[in-house]
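The values are calculated or read from the model by the stated rules, or taken from the named source; none is laboratory data. Worth saying up front: this structure is predicted, and the values here are computed from it rather than measured. Note that we place each Cβ from the backbone using ideal geometry, even for glycine, and neighbour counts take in every protein chain shown. What goes into the accessible areas is simple: the full protein's heavy atoms, side chains included, and nothing from ligands, DNA or RNA. Shrake-Rupley method; radii C 1.70, N 1.55, O 1.52, S 1.80 Å.
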Amino acid sequence: MRLRQIAPIALVLGLTIACFIVARVSVERGARHDAEHRAQVAAAQVRDRVTQAMSLTESLRRFMVDAGGSGVTAAQFTQNAFRWLSPASFPAAAWVEQVPASQRAAYEQSIGQPIVSPDAQYSIVPAGARASYLAATLVSGFPPLSVTGIDLSGEPGTAAALERATRLDDVAATGLGGSVAGTRGLFFLAPAPNLIDEVLRPGYVVLFVPDATLLAATGVPGVQLQVGRTTTADRYRGDTVRESFREAGRRFGVLVPQQPPQGTAAALPWIILAAGFVLAALLAALELNAGRRAQAQAEADRIFNLSSDLIAVADYDGRFTRVNPAFERTLGYSAEELRSRPYVEFVHPDDRSRTLRAGEELQHGREVIEFENRYLRKDGSVRWLQWSARSAPGEDVIYAAARDITERKQLEQQQSALRRVAVAVARGRSPDEIFAATVAELHAVVGADATALERYEADGSGTLLAALGDSAFEVGSRVPLINDGPAAEVRRTGRPARTENLERASDPVAEGMRAIGLSSGVAAPIFVEGRLWGVMASTWDGTQPPPDAEARVAQFTDLVGTAIANAESRAELLASRARIVTTADRTRRRIERDLHDGAQQRLVTMTMKLRALEAETAPPAEAVKREVAQIASGLDDVLDDLRETARGLHPVILSRGGLGPALKALGRRSPVPVELDVRARERLPEPVEVAAYYAVAEALTNAAKHAHASFVSVEAEVIDGDLRVSVQDDGVGGANPGRGSGLVGLADRVEALGGKLTLHSPPDGGTTLHIDLPLSG
């Protein structure tokens, strides 16, 4: 065959073989691209379920922490776990605690059954099988965590998850295991203490999620899940494609099988090779691949449009080029409005500089994870968004997704506000301070335009005790409660009330609110030891109250009720202590008067009669005179002792001359030299003078008897409505009220009058006693 004839054949064969190879490679590449896309979609759906599991775990943890003051019972845990887990189709949860092997018997006795191993038969763990157990004390009641005492310490990755959750105080995940009732899955856990038998015990909330539950969300046949294995370098393994992400301290890998080419795609290279229609077959293959790309793009568009998260594409100039419908639903702007100006203009002014810095980091190729900022809705309200974004430097675009975390932020703010008010209540702040702080915290939490606290009066009115924002009444004024206003409805029913439109209310309070532009509100009752005491109310101008506003207000009213009850109890205690001290002082004065008017006068009379008898006795009776003189002298001594005792019960000079002369008398009788500086010239309330007198007397006695002092300084002065007394010696120091120095009784007397006693007595440094006594106490 001539070369001229062979050349066209060789050319055709060469072209045919070349086109066959090109078509085969193209088909394989299309199948790989299709698998990659399905892996990305599956990974995104699995990540959503993992995030949901983490959120539920955090919710269980907050439930345990918020109930830390009273503890969570098994019934409460089961009820809340069922209510939260059922909508998400997650099977089981528990509260677990670490039990050393040495405490196993005590723990099993406390829960009423043995620790069991997490297998299908729930067999008993042999004694000493582990150094410690991770036992479930509270369980949701559903498999595989339906048995109290089930031990989770053998699950893969449990130790690392516990360490991370404890260190970061956050949610952590274990590895995949298959021992729990034969079900393959993993646990999400977070630290959460619980009060059991009045002891705050450390522990963790645990949520079990089967891998089948995570993979069911993908709808992809043959998909597999890996947890904790290495990542991107292993993206392609044989006929599978892996897409990974990191959450809860673990890396999750979603493996999607690559489906072999089918139908026309599989037969196309062979058609090209057999038929020789190189160009037609090549175009068909390209068209097929283009169709697959279009289908993949359509699937991506469906995810983009149906996602509840906010998804956007932005350019390096700081403008959105594409946003999904979730953006429009969340912020209230249309897509055209969002693209019409730089996205930073939609950001809250206080967060704009941080947002611009995050954009600069993205342009330099750095990934931004869980960045939070505030966006302004079209109606002026604020929404918190949490962003994850990465850039494509070659394309000069940024791909970003955001989650609306406004409700979580509001809950955190509310819990912080409640904690601040609770701390103020626990520290015993005055009711007025508690009222003002509670109104301020509630006002900020619910975003009200006006917030007020009123006390109900017996005449059917209310007294305004604290207010913030626009108000038609001044603090301290009486407010009438009639007709159908919120405060009146709360008093009538004892339950929270909501008014969507104050136009329908006709009482003076509602009229005053309307006059300053307020249109809606909620109110909740304040109960003090079971009785209806008052009301807290928040009102808004032109907007409706939040759906859960009544519940939020009620949480603050509970704290106000506790503060009022505590204040009343403290007032009653102080009044009782003051009455006891006053009664004791009056008793001493009565005894002193009785001794002076009775026994002392009789002894004086008898002494005078003996002296008269001594003077009238004849000289021969010298012996009788000496005997009478001795008896009279003895009676004088008894009388002196009795007078001293009477002065100890209640010094007469204190009643007659006041505190200054009484302290001078104490200084003269003191065996230790005393320098006295009393700048209180006027008479003070009797309980205050008595308390100060006995405090100085006790301090002088201690200085001479125990401190071996050589000098004592006493100062007394009235400053800002308080009597301030200071006694300082140069003795050996080291005074301790607990060793019976008499200072404990003095402290009780001072505190009963609302005062304060402070002792400073370092070894070899002398002793200083400070007393503050309110004159109005």
Condition check for LEU700: crowded, with 19+ Cβ neighbours inside 10 Å and under 53 Å from the mean Cα position of the chain (by Cα): yes
Tabulated pairs, region 91-105, first more than 30 Å from LEU214 (Cα to Cα), second polar (S, T, N, Q) and in a strand (DSSP E or B), C-beta under 6 angstrom, 6+ apart or interchain: PRO100/SER132
Test result for GLU372, under 18 Å from ARG390 (Cα atoms) and within 34 Å of the chain's Cα centre (by Cα): yes
Test: residue in region 356-371 that is open to solvent by 80 Å² or more (accessible area, probe 1.4 Å), modelled with pLDDT under 90 and over 21 Å from TYR316 (Cα atoms): no
Selected residue (criterion: modelled with the lowest pLDDT) from residues of region 114-138 that are within 36 Å of the chain's Cα centre (by Cα), surrounded by 13 or more Cβ atoms within 10 Å (Cβ to Cβ) and part of a loop (DSSP other than H, G, I, E, B): PRO118
Qualifying residue in region 145-168 (condition: open to solvent by 10 Å² or more (accessible area, probe 1.4 Å), modelled with pLDDT of 90 or more, aliphatic (A, V, I, L, M) and under 27 Å from the mean Cα position of the chain (by Cα)): yes
Residues located in region 447-467, provided they are closer than 30 Å to LEU411 by Cβ, touching a helix residue (DSSP H, G or I) at 6+ places or on another chain (Cβ under 8 Å) and surrounded by 21 or more Cβ atoms within 10 Å (Cβ to Cβ): ALA448, ALA450, THR451, ALA452, LEU453, GLU454, ALA466, ALA467
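What is the residue count in region 81-90 for residues that are open to solvent by 20 Å² or more (accessible area, probe 1.4 Å) and without any contact (Cβ under 8 Å) to a residue 40 or more places away in the chain? Write out each step before concluding.
Quick first cut of region 81-90, residues open to solvent by 20 Å² or more (accessible area, probe 1.4 Å) only: 82-84, 86-87, 89.
Subset that is without any contact (Cβ under 8 Å) to a residue 40 or more places away in the chain: 83-84, 86-87.
Of the residues in that region, 4 qualify.
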Answer residue from region 511-556, given it is modelled with pLDDT under 70, in contact with an Asp or Glu (Cβ under 9 Å, 6 or more places away or on another chain) and among the hydrophobic types (A, V, I, L, M, F, W, C) and is most open to solvent (accessible area, probe 1.4 Å) among those: ILE516
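Against the definition (assigned to a helix (DSSP H, G or I), farther than 15 Å from ALA400 by Cα and more than 34 Å from the chain's Cα centre (by Cα)), how does GLU345 come out, yes or no? Steps first, please.
Working: assigned to a helix (DSSP H, G or I): yes; farther than 15 Å from ALA400 by Cα: yes; more than 34 Å from the chain's Cα centre (by Cα): no.
When the stated conditions are applied, GLU345 does not pass them.
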Residue list for region 384-403, restricted to those being in a strand (DSSP E or B) and open to solvent by 60 Å² or more (accessible area, probe 1.4 Å): ARG390, TYR399, ARG403
Hits in region 724-752 (condition: at pLDDT 90 or above and in contact with a helix residue (DSSP H, G or I) (Cβ under 6 Å, 6 or more places away or on another chain)): VAL725, VAL727, ASP729
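Can you tell me which residues in region 83-106 are part of a helix (DSSP H, G or I) and within 29 Å of the chain's Cα centre (by Cα)? If you could, list the steps in order and put the result at the bottom.
If we filter region 83-106 for residues that are part of a helix (DSSP H, G or I), which is where we start, we get 83-88, 101-106.
The answer is ARG83, TRP84, LEU85, SER86, PRO87, ALA88.
Of everything in region 381-421 that's more than 14 Å from ALA312 (Cβ to Cβ) and β-branched (Val, Ile, Thr), which residue is nearest to the chain's Cα centre (by Cα)?
Initially, region 381-421 is screened for residues more than 14 Å from ALA312 (Cβ to Cβ), giving 381-384, 393-396, 405-421.
Still in the list and also β-branched (Val, Ile, Thr): 382, 405-406, 421.
Details: VAL382: 23, ILE405: 18, THR406: 18, VAL421: 11 Å.
Residue satisfying both the conditions and the ranking: VAL421.
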Subset of region 169-222 [open to solvent by 20 Å² or more (accessible area, probe 1.4 Å), modelled with pLDDT of 85 or more and part of a loop (DSSP other than H, G, I, E, B)]: ASP169, ASP170, PRO193, PRO202
Positions within region 659-683 being surrounded by 19 or more Cβ atoms within 10 Å (Cβ to Cβ), in a loop (DSSP other than H, G, I, E, B) and at pLDDT below 85, in sequence order: ALA680
Pairs, first over 21 Å from ALA44 (Cα atoms) in region 310-323, second in a loop (DSSP other than H, G, I, E, B), C-beta under 8 Å, six or more apart: ASP315/ASP396; TYR316/ASP396; ASP317/PRO342; GLY318/PRO342; ARG319/ARG341; ARG319/PRO342
Unmet criterion (only one of (1) more than 19 Å from SER381 (Cβ to Cβ); (2) of a type outside the set (Asp, Glu); (3) outside any loop (DSSP other than H, G, I, E, B); (4) modelled with pLDDT of 75 or more) for ALA444: (1)
